[in-house]
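Undergrad: Handing you this structure, nothing more for now.
The values are calculated or read from the model by the stated rules, or taken from the named source; none is laboratory data. Just so it is clear, the structure is predicted and the values come from calculations on it, not from any experiment. All Cβ positions, even for glycine, are placed from backbone atoms using ideal geometry, and neighbour counts span all protein chains on display. Ligands, DNA and RNA are excluded from the accessible area calculation, which covers all protein heavy atoms including side chains. Shrake-Rupley method; radii C 1.70, N 1.55, O 1.52, S 1.80 Å.
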Amino acid sequence: LAGTWYLHLVADNAGTELLMDLALVDYLLCQDLVEEVQVHVKPHPFFVSDAMAEDVWAGLTALEAAGGSGRELAERLRTQILRGDLQLRSHWYYGTSLFYFQLPDDLRELLTGADLVIAKGDVNYRRLLGDAHWPPPTPFAQVTGYFPARLVTLRTLKAEIIVGLRP
């Protein structure tokens, strides 16, 4: 990747999944593939497993307690947070059932500055599609063309809502 890249990762679940997200963020930062990463977490759980800022801190504490490479990862992540290379973000919007086409202006403006947004989880995917049943061959870019930045979604298929499939 040439130039400076700003990545936003909209987290999904706490626990192991969040720790794997942080390991990915660490890799991208350590390899100079991105300049800055903003990890978006919920202000409070919408579903019981939703990732919040306190889950990040609890995860780092658990990694430190594990010792070895876990401790090293936690130390790098804490340093990245202190330097501002890794930022934790939360917004009231993430704790609602609003769709992404209903983004509040301040969050839309923040995401507009991203070179790439990774939206994790089935709920974020469904919110991007308006939780509507599109014909499966409908292109993802057509449905999410309103989104203010380049977008990738990662999800485990838990609902029948899906787009971008070949006929």
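Undergrad: Whether any residue in the range 13-27 is more than 14 Å from the chain's Cα centre (by Cα), surrounded by fewer than 21 Cβ atoms within 10 Å (Cβ to Cβ), modelled with pLDDT of 95 or more and in a loop (DSSP other than H, G, I, E, B) is what I want to check.
TA: Checked the range 13-27: at least one residue is more than 14 Å from the chain's Cα centre (by Cα), surrounded by fewer than 21 Cβ atoms within 10 Å (Cβ to Cβ), modelled with pLDDT of 95 or more and in a loop (DSSP other than H, G, I, E, B).
Undergrad: Looking at (1) closer than 20 Å to Ile118 by Cβ; (2) among the acidic types (Asp, Glu); (3) in a helix (DSSP H, G or I), which is the one condition that is false for Glu64?
TA: The number of the failed condition is (1).
Here's the yes/no breakdown for (1) of a type in the set (A, V, I, L, M, F, W, C); (2) touching a His at 6+ places or on another chain (Cβ under 7 Å); (3) open to solvent by less than 70 Å² (accessible area, probe 1.4 Å):
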residue: Tyr94; (1), (2), (3): no, yes, yes
residue: Ser97; (1), (2), (3): no, no, no
residue: Arg108; (1), (2), (3): no, no, yes
residue: Gly113; (1), (2), (3): no, no, yes
residue: Asn124; (1), (2), (3): no, no, yes
residue: Phe140; (1), (2), (3): yes, no, yes
residue: Tyr146; (1), (2), (3): no, no, yes
residue: Val152; (1), (2), (3): yes, no, yes
residue: Ala159; (1), (2), (3): yes, no, yes
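Undergrad: Related question: For Leu98, all conditions in the list (1) of a type in the set (A, V, I, L, M); (2) within 22 Å of Leu24 (Cα to Cα); (3) assigned to a loop (DSSP other than H, G, I, E, B) hold save one; what is the number of the exception?
TA: Going through (1) of a type in the set (A, V, I, L, M); (2) within 22 Å of Leu24 (Cα to Cα); (3) assigned to a loop (DSSP other than H, G, I, E, B) one by one, Leu98 breaks only (2).
Undergrad: So which residues in the range 63-90 are open to solvent by less than 60 Å² (accessible area, probe 1.4 Å) and either over 22 Å from Trp5 (Cβ atoms) or in contact with a Ser or Thr (Cβ under 8 Å, 6 or more places away or on another chain) (or both), if there are any at all?
TA: Leu63, Glu64, Gly67, Gly68, Gly70, Ala74, listed by residue number.
Undergrad: Could I ask something else about it? List pairs: first residue in the range 36-52 and surrounded by 14 or more Cβ atoms within 10 Å (Cβ to Cβ) and assigned to a strand (DSSP E or B), second residue modelled with pLDDT of 95 or more and basic (Lys, Arg) anywhere in the structure, Cβ distance under 9 angstrom, at least six positions apart or on different chains.
TA: If the second residue must be modelled with pLDDT of 95 or more and basic (Lys, Arg), the pairs left are Gln38/Arg89; Val39/Arg89; His40/Arg89; Val41/Arg89; Asp50/Lys42; Met52/Lys42.
Undergrad: Kindly list the number of the only condition in (1) part of a loop (DSSP other than H, G, I, E, B); (2) under 23 Å from Trp5 (Cβ atoms) that fails for Val117.
TA: Here Val117 clears every test but (1).
Undergrad: Moving on. Exactly one of (1) under 16 Å from the mean Cα position of the chain (by Cα); (2) under 19 Å from Gly121 (Cα atoms); (3) at pLDDT below 95 is unmet by Trp5. Its number?
TA: Tallying (1) under 16 Å from the mean Cα position of the chain (by Cα); (2) under 19 Å from Gly121 (Cα atoms); (3) at pLDDT below 95, Trp5 fails exactly one: (2).
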